[in-house]
Amino acid sequence: MATEDARYRQSSQFRLWSFSPSQLGAMREKANLLARASISERLLSAPRSNSASAPTSNANTPDADGTSTLPEFLTPSEEALLVTFYTSELLRAGDHAEMADEIKATAAAFFRRFYITNSIMTYPPQEMLIVALFFGCKAEGSFPRITDFVKNFGRESPEEVLAGEFLLCQGIRFAFDVKHPFRALRGAVMDLRRIGDIEHTRIDSAERRAREILRFSPLITDAYFHYTPSQIMLAALSLADRGLAERLIQETFHFVHPQPNSGAGTPMATDTPSASSLPDSDIATIIGPVIRDKVLGTVEACRDMLSKEPPERREHWSSKVTYKAQLQPIRKKLNKCRDPDRWNLVELQRSRREQVLNKSGGGSDDGGSAAGPAGPSKDDDVFGGDIKRRKVAKGAMDDPFGGAL
Amino acid sequence: MPPKPAAPGAPARNLFHPLPIPPSADDMCPVCKTIRYLNRDMEFLINPECYHTMCLNCVNRLFTDGPNQCPYAGCSRTLRRKGFRSAFFGDLAVEREVDVRRRVAAVFNRVEDDFETARDWDNYLQMVEDLTFDLVHGTGEKRGEAEKVLVRWEGEHKGEIERNRRAGREREEQARRRMGLEKDAARERRVAALREVEEERRERAASKEAELDGIAAAPDGRGGVQLKRRGQVVRAVEAAAAATAEVGRLSIRGLKEKGKPRGAEGPYDPFGGVDFAPSRYRLGEGLAHPQVDKYRFDQGHVTGGYSFEEWTARAMYEAFAGLGVFVEDEKEAGIGLSSREIATIASGIAAVGDKMELD
């Protein structure tokens, strides 16, 4: 097994946040189902009070005739479309704030990861994308002042951003390190330049184009979940200049089984110093033709995915026409079926804090987030709560030595 | 003068060590309501059956004729004279907890060496602590249960407990013996050092004597001066030798005895077996990027010690890391299977959801 692959398999991106398409689809469906169940339960349990107090009331005009009837919920595909739309909004917001590519990419990855186990009906995407950007800044080592940050996005108070911060961290399962293909592209360019017989202008223009692709296409699709950064990078390079990407793959996986008679004809003995001590069969699994074909196939699949959202589609997502035609109906639907308890993050945080403060018997926390293992109630279980402390306090109250005289 | 109560009997005296809690003037016995003002020597005793305090007089009055009920209202424990003692801690809850812990520790007296791994030992400690906690703070039912567990364990593992206790005692004995030996050795060293100093002094006196003799024997004063100087040199050399000898005799106490060396585990690997040698690409000369090259002469980067080799290695690593990781196959079938095996497995599994990581 190649050492690089072994190292990549240790990353949280592979361990926690890589899925096959069918797994991803199943998870989104499950999040959607759970959100439906919990939201309808909440709407049914307190129909009157919430339509009076919650901000949903203005959009809930059809509810006036009968609050017991449930609104129509979003389907998983509609949710996915909305998440994609808000990801493009997030990238636009990042451009507006003049953030680095890595920050925007990390924020986009956080945002998409968050909405895998949480439904967009549960938590407000407009708020969460700002939170993701703020936390992306921190994860990438740039630390803006929260007051300046909120001003930049036209929010009034820092609380609106800070309220969702821990929620986001839970949603992304505290995996703060996102591996990006940007530096990988630099590495690939260096390797291509070393080959020698390729014009540098060709490489440079391909790099520019590939970088442009990387800044948009993989972030707005599910590429980060299905492919590794190097595969995404090669796919982008292939979109920019197919010949260069294939050349790089050919050069990398150049091993051919030596003929029994020729002996000295093996080209790789000098090329890969660390692998030269291994037996041929091992080398073949690292840089042999079989794995080369598989990589070519994977890169091709990734290329297909990226080509669906080329950088030119930025305008498509931000144009008013698209919004009116595709997104507005869904957003209207969303306004009716969103979670009454969790839509306002500031309120949610305050009520959670209060709940903790006057927690009497424990277990008063309800189902937690709509889906996924990262809900706050599960968290209590993981850390054991403070059962013991509570026990002590109780023990102190009833005297262990019997009543007073 | 108030009528003095009968002096406590001799055996009782042995039982009660003096109270460490400073007595205050308004202490009152809750049973007979005597206050310290009236009885300067009042002592408070408790019985670990129920931990109700009462003064020594009350104990003598109530329990000399044999077992009796606790005089506290609502407490129906039967107490015996023998069980009474003075509390060590002012807070009786603490006193009780210490008693319970002592009792549990006597039953669960294993040591760390009895366990294979540190985790086992920790688990054992956790189990004991949970039991102790139930005994100390648990409500009626839990306490009863823990009590039962403790008694049963004691009954079932009598031999083992006894053996452990004996081993513990032996260990203590050994430690004490070792301390004794060390102390003896230190004393011997001190005595030897003293003797040496004494000898040196005697020698010096003798050499002085000899010097004086020499001066007396010499015809003029010059030889005497010379002799004197030589004596000084000798003394300096002697002092230096003594100093080095003193240094050599120093001993550090409290060092842990060395256990057997770790053999099979090998040296510690901070990276947990991850190999950092590249297998798909090659580092070294010829790797350059125009966007980065311009920084090679940038004061801000160079002065700070920015390593371009490091950056190159990282970029190359990222370009090739995970190239052979096929997420779809590995997440559904597991790492390390060949494509053919994956194909057979994939055809076997109809539903995919059961392998999911997040569920």
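The values are calculated or read from the model by the stated rules, or taken from the named source; none is laboratory data. Bear in mind the structure is a predicted one, so any value in this text is a computation, not a measurement. Cβ sites come from the backbone with ideal geometry, for glycine too, and all protein chains shown count toward neighbours. Accessible surface areas use protein heavy atoms only, side chains included; no ligands, DNA or RNA. Shrake-Rupley method; radii C 1.70, N 1.55, O 1.52, S 1.80 Å.
A 22 angstrom limit on the alpha carbon distance is what I want to check against. Which of A:LYS104/A:LYS179; A:LYS151/A:LYS336; A:LYS138/A:LYS359; A:LYS294/B:LYS331; A:LYS104/A:LYS138 exceed it?
Values: A:LYS104/A:LYS179 13 Å; A:LYS151/A:LYS336 29 Å; A:LYS138/A:LYS359 32 Å; A:LYS294/B:LYS331 16 Å; A:LYS104/A:LYS138 11 Å.
Check vs 22 Å cut-off fails for A:LYS151/A:LYS336; A:LYS138/A:LYS359.
Can you grab the distance from the C-alpha centre of the stretch B:129-153 to the C-alpha centre of the stretch A:290-348, Å, no decimals?
For the stretch B:129-153 versus the stretch A:290-348, the Cα centre distance is 58 Å.
Taking the Cβ of B:VAL149 as the center, what net charge do the other residues with Cβ under 14 Å away carry, scoring Lys and Arg +1 and Asp and Glu -1?
Working: positive: B:ARG103, B:LYS142, B:ARG143, B:LYS148, B:ARG152; negative: B:GLU129, B:ASP130, B:ASP134, B:GLU141, B:GLU145, B:GLU147, B:GLU154, B:GLU156.
Summing Lys/Arg as +1 and Asp/Glu as -1 gives -3.
Roughly how many Å is it from the Cα centre of the stretch B:72-91 to that of the stretch A:108-179, as a whole number?
62
Would the stretch A:281-350 count as rounded, prolate or oblate if I go by the C-alpha gyration tensor, calling it rounded below 1.5 in a/c and otherwise prolate when a/b exceeds b/c, oblate otherwise?
Details: a/c = 4.55, a/b = 2.01, b/c = 2.26.
Verdict is oblate for the stretch A:281-350.
Could you please report the charge total around A:ALA105, scoring K, R as +1 and D, E as -1 over all other residues with beta-carbon less than 12 angstrom from its beta-carbon?
Details: positive: A:LYS104, A:ARG112, A:LYS179, A:ARG183, A:ARG211, A:ARG215; negative: A:ASP101, A:GLU102, A:GLU140.
Its environment carries a net charge of +3.
Taking the solvent-accessible surface of protein heavy atoms with a 1.4 Å probe, what is the per residue accessible area of the stretch B:96-156 in Å²? Each step should come with its number before you reach the end.
Values: 3930 Å² over 61 residues.
Here the residues of the stretch B:96-156 average 64 Å² of exposed surface.
Between B:GLN126 and A:GLN10, what FRET efficiency comes out of the Förster formula 1/(1 + (r/R0)^6) with R0 = 41 Å and r the beta carbon distance, rounded to 0.05?
Numbers: r = 30 Å, r/R0 = 0.73.
So, using R0 = 41 Å, E works out to roughly 0.85.
Can you work out the Karplus-derived ³J(HN,Hα) for every residue in the stretch B:125-141? Use 6.51 cos²θ - 1.76 cosθ + 1.60 with θ = phi - 60°, whole Hz, and x for glycine or proline.
In residue order, the calculated couplings are 4, 5, 4, 4, 5, 4, 4, 4, 4, 4, 5, 7, 10, x, 7, x, 5 Hz.
What distance in nm lies between label points placed 7 Å from Cα along the C-beta direction at A:VAL356 and B:TYR268?
Label-label distance for A:VAL356 and B:TYR268, simple model: 3.5 nm.
With a/c under 1.5 counting as rounded, go ahead and sort the stretch B:268-319 into rounded, prolate or oblate using the C-alpha gyration tensor (a ≥ b ≥ c being the square roots of the eigenvalues; past the cut-off, prolate if a/b is larger than b/c, else oblate).
Oblate, since a/c reaches 1.5 and b/c is not below a/b.
Between B:TYR37 and B:GLU160, what is 0.36 nm times their sequence separation minus the Cα-Cα distance? Round to one decimal in nm.
Working: separation 123, 0.36 × 123 = 44.28 nm, distance 5.24 nm.
Working it through step by step, the gained length comes to 39.0 nm.
In Å² (nearest 100), what accessible area is buried between A and B, both sides summed, heavy protein atoms only, 1.4 Å probe?
Numbers: alone 21640 and 28320 Å², together 44100 Å².
Between A and B, the summed buried area is about 5900 Å².
So, in nm, how far is label A:ARG208 from label B:TYR295 when the simple model puts each one 7 Å beyond its Cα toward the Cβ?
2.1
Using 7 Å Cα-to-Cβ label points, what is the B:ARG282/B:ARG314 separation (nm, one decimal)?
The modelled label-to-label distance comes out at 2.5 nm.
Label the stretch B:96-156 by shape, choosing from rounded, prolate and oblate, from the square roots a ≥ b ≥ c of the eigenvalues of the Cα gyration tensor; if a/c is under 1.5 it is rounded, and otherwise prolate applies when a/b is larger than b/c, oblate when it is not.
Working: a/c = 1.94, a/b = 1.80, b/c = 1.08.
Prolate is the answer for the stretch B:96-156, as a/c is 1.5 or above and a/b outweighs b/c.
Can you list the GluC sites (Glu not before Pro) in the stretch A:143-194 that are in a DSSP coil and have 13 or fewer other beta carbons within 10 angstrom? Let's see the in-between values first.
On the way: sites: A:GLU156, A:GLU159, A:GLU160, A:GLU165; in loops: A:GLU156.
Passing both the DSSP loop test and the Cβ count: A:GLU156.
Fully extended, how many nm does the chain gain between B:TRP153 and B:ALA205 (0.36 nm per residue separation, minus their Cα-Cα distance)?
Values: separation 52, 0.36 × 52 = 18.72 nm, distance 7.40 nm.
That works out to 11.3 nm of additional length.
Within 10 Å of each candidate Cβ there may be at most 15 other Cβ atoms; applying that plus a DSSP loop requirement, which chymotrypsin sites (Phe, Trp or Tyr not before Pro) in the stretch A:66-115 survive?
Working: sites: A:PHE73, A:PHE85, A:TYR86, A:PHE110, A:PHE111, A:PHE114, A:TYR115; in loops: A:PHE73.
Nothing satisfies the criteria.
Subtract the Cα-Cα distance of A:ASP177 and A:HIS200 from 0.36 nm times their separation in residues, and report this length gain in nm to one decimal.
On the way: separation 23, 0.36 × 23 = 8.28 nm, distance 3.29 nm.
So the chain would gain 5.0 nm between A:ASP177 and A:HIS200.
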